[in-house]
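The values are calculated or read from the model by the stated rules, or taken from the named source; none is laboratory data. All values derive from a computational prediction rather than experimental measurement. Cβ: placed from backbone, ideal geometry, glycine included. Neighbour counts: every protein chain shown. Quick note on the areas: whole protein, heavy atoms, side chains included, nothing else; ligands and nucleic acids left out. Shrake-Rupley method; radii C 1.70, N 1.55, O 1.52, S 1.80 Å.
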Amino acid sequence: MIVLFTDFGSSGPYIGQMKAVLCQRAPSTPVIDLMHDAPTFDPQAAAYLLASLVSELPKGCVFLCVVDPGVGSQRKPLIARIKGRWFVGPDNGLFDIVAQHALAESEVSWWEISWRPKSLSSSFHGRDLFAPVAAMLAKGDEPPGRRLDVSADRLCRWPSDLYKVIYIDHFGNAMTGLRAAKVDTNTRIAVANQQLCWARTFSEVAKGEGFWYQNSNGLVELAVNQGRADKILQLNLGDALTIVA
């Protein structure tokens, strides 16, 4: 399958245009809309969100990922092969956290995409460059590019966990870039001038009460039982977390 992860939003023609390219070039391959409201213009926050979603999808699938505020600049177009899955998108750190979480360097390979279409828009590489390359990989073609060295420097741009709010969902819950396995359930998390205790799930706290828990993707998430955490707790994207003993 080809898995789409973008910050395009659900309105406008962009997702449809990419899907049209995929349908033409890899018509027998299922296309999954994983996420189209990834953190806008923020490849760092999106990288932690992407890394939390990868393990639930099968090896061999192709992630077509576009969070690309530097489109049209000197940033490289990239292919990564990480733990048996393909990733196609901009070389701006979007795949770095997925690669950091791999168990060994042998599970990670990188290519700079050298293939170019006959017509390449300066502002829509998702449609003109990344979608065709994703289709090639889905059909079993070799990566159309130059193999890059696996560099430790590439994986040190950002920490393995991000102590910030990276996404607010439809319910107002605030996902963070921190893996819950790294946090003891006896600790409190300080954010926006308040401290939250752990609960296993929503029903374990009173209605309207805030707490933190391990969400279904393994991240620390800040929530309010039957309420919007973003409004009640006054949370915003980028808010920093502190672990309180």
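Some points to look at:
- Scanning segment 151-193 for residues that are at positive phi and at pLDDT 95 or above yields a single hit, GLY172.
- Pick from segment 216-229, criterion of a type outside the set (S, T, N, Q) and within 25 Å of VAL54 (Cα to Cα), ranking: most open to solvent (accessible area, probe 1.4 Å): GLY218
- In segment 193-222, the residues that are closer than 19 Å to ASP161 by Cβ and free of Cβ contacts under 8 Å to residues at least 60 places away in the same chain: LEU196, TRP198, TRP212, TYR213, GLN214, ASN215, SER216, VAL220, GLU221, LEU222
- Checked across segment 205-215, the condition of being open to solvent by 80 Å² or more (accessible area, probe 1.4 Å) and out of contact with any strand residue (DSSP E or B) (no Cβ under 9 Å at 6 or more places or on another chain) holds for no residue.
- Checking each residue in segment 60-101 for being among the hydrophobic types (A, V, I, L, M, F, W, C) and either more than 17 Å from the chain's Cα centre (by Cα) or surrounded by fewer than 16 Cβ atoms within 10 Å (Cβ to Cβ) (or both) picks out only VAL71.
- Matching residues in segment 168-182 - criterion: being without any contact (Cβ under 8 Å) to a residue 12 or more places away in the chain and either part of a helix (DSSP H, G or I) or hydroxyl-bearing (Ser, Thr, Tyr) (or both): none
- Any hit, segment 23-36, residues being assigned to a loop (DSSP other than H, G, I, E, B), within 21 Å of PRO144 (Cα to Cα) and open to solvent by 50 Å² or more (accessible area, probe 1.4 Å): yes
- Restricting attention to segment 207-221, the residues that are touching a Leu at 6+ places or on another chain (Cβ under 8 Å), in a strand (DSSP E or B) and closer than 22 Å to GLU56 by Cα total 2.
- For the residues PRO143, PRO132, the requirement of being modelled with pLDDT of 95 or more, open to solvent by less than 40 Å² (accessible area, probe 1.4 Å), under 30 Å from LYS19 (Cβ atoms) and assigned to a loop (DSSP other than H, G, I, E, B) singles out PRO143.
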